[in-house]
Amino acid sequence: MQQTSDSLSIPARSHRIRAEILEFLQKRLQPKLDGLQKKRAKLKEHQIEEIRKVELERDKEILRHQPEEWIADAVRRVAQLQQATHSLKFTHPKAEGSALILQANPIANDNYVGTHTIRVNLEFDVVGNAAALDVYTFLRLSVDGQSLLEHAISLDPALAAAFCSDEERAKNWMAAFATLVQPKGELSSHKLAKQIYWPVGQKGYHLLAPLFPTSLLHDVWKMIEDDRFSETSKAARDACRAKVAYPHGYREYPDLAVQNFGGTKPQNISLLNSKRRGKNYLLPSLPPTWRSSTLRPPLRVNSVFDRIFGNRPRVRELTRIFREFLVSVVGIDSNIRIRNKRAELIGYIRDELFQFAAEIHELKAGWSLDPDSRLNPEEQCWLDPGRAREDKAFADLCRKGDWQNAICQRFANWLNARLNTAQTPMGQTEAAHWADILDEELQMIRMELDHG
């Protein structure tokens, strides 16, 4: 059974940390020694001076990679780095303003996507001197479930003992490494940064300096990379092309663009930018191209629900799926999966109702005055609201009538009729299983009508 850090003594934990450090340094040293060995092998025995230089360089590398020597140098270089979730370097590589760590925004909620939505596995970026990034690699070494950086921040005595025998010196080293997560100097922007003048009040403004959310974008980048290039995604695409079954689907990203940062040296922007090979994916942010047949007013019908709204292809499909689902769960005790599926399907139908009304609202106001219009007054108020601007009697009807409740009731009756089967007689006991959800959706429809 693996022991936790709490269950190990300080000497035992210090030994484990020291072993991890030695392994890290040896992995860094060995390629250098191998290169010098190859260089030495090419020299002739009479090239005494050149051989001596190679051997001297080898001795220097060995000394440089002794734990205390290397860590002392790392302490000097860590000041050139800063851990961050938001960076200015992506705006301009020579911008020298502040980078920030912002993991959570107390004002934002789940309606907004931001760094706060990455609740697990948030990966921090590092900005600063690219030549010092090996220091961050060192501090990310994990021992007993914690990185050396976390051990340093908590002033772990086991880490201090692993660093060197001088306790005071080791504490100073840990304090220096802990500054990696702290802003360097006072918060500042830069002349090469983007700035936005945001008006407040009558004569004032705030000067905003947007920062690039590198940690959030890295999470998105990893997701898109996996969706595009993982073996499972490739297998799913192959199965689709071959028209054979596969356990799951795959995602496509049409019109994907790539923005590059850092040119041939992405590490000069940040550590995560280097991991992304300088690539940042841009999803299309364009309004949809609306394609529809010429809109026609709902004439010669008393209500739009049965013949017009109910016959829309998407609505027919959704009600069929809903009806079949309700039949499939007859006799099964209600559970969270069933409740969530019911809520999902009725929400889709509700959205189609909103979309239908929005399309009819695009017609020229007053279409319900057509001699062929037989639509009931409540649905006229709902679908031809612009008529009230020119028709005072109609405006009074819309203000005084209880047409919103009538629309909600017609929707409920229509949906009950569409879902009614021998196994699920709507309006009977079985309907009670989803009545609460329907009531909630009707309230949302009422709110939409009130503000329409």
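The values are calculated or read from the model by the stated rules, or taken from the named source; none is laboratory data. Only a predicted model underlies this, so the values are computations on that prediction, with no experimental measurement involved. Ideal geometry is used to build each Cβ from the backbone, glycine not excepted, and the neighbour counts take in all protein chains shown.
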*Of all residues in region 344-369, how many are in contact (Cβ under 8 Å) with a residue 60 or more places away in the chain, within 23 Å of LEU415 (Cα to Cα) and crowded, with 16+ Cβ neighbours inside 10 Å?*
6
*Are any residues in region 124-135 surrounded by 22 or more Cβ atoms within 10 Å (Cβ to Cβ) and under 18 Å from ASP73 (Cβ atoms), and if so, which ones?*
VAL126, GLY128, VAL135
*asked:* Out of LEU133, LEU139, LEU155, I need the residue that is on the phi > 0 side of the Ramachandran plot, outside the structural domain of SER274 (by TED's automatic domain parsing) and over 18 Å from the mean Cα position of the chain (by Cα). Which one?
replied: LEU155
*Is at least one residue of region 273-282 at positive phi and within 25 Å of the chain's Cα centre (by Cα)?*
yes
*Test for SER373: is it more than 42 Å from the chain's Cα centre (by Cα), of a type in the set (Ser, Thr, Tyr) and assigned to a helix (DSSP H, G or I)*: no
*Considering region 61-111 alone, what residues qualify as being within 14 Å of the chain's Cα centre (by Cα) and either modelled with pLDDT of 80 or more or farther than 23 Å from LEU208 by Cβ (or both)?*
THR85, ASP110
*Out of the residues in region 163-188 that are among the small types (Gly, Ala, Ser) and at pLDDT below 85, state the one that is surrounded by the fewest Cβ atoms within 10 Å (Cβ to Cβ).*
GLY185
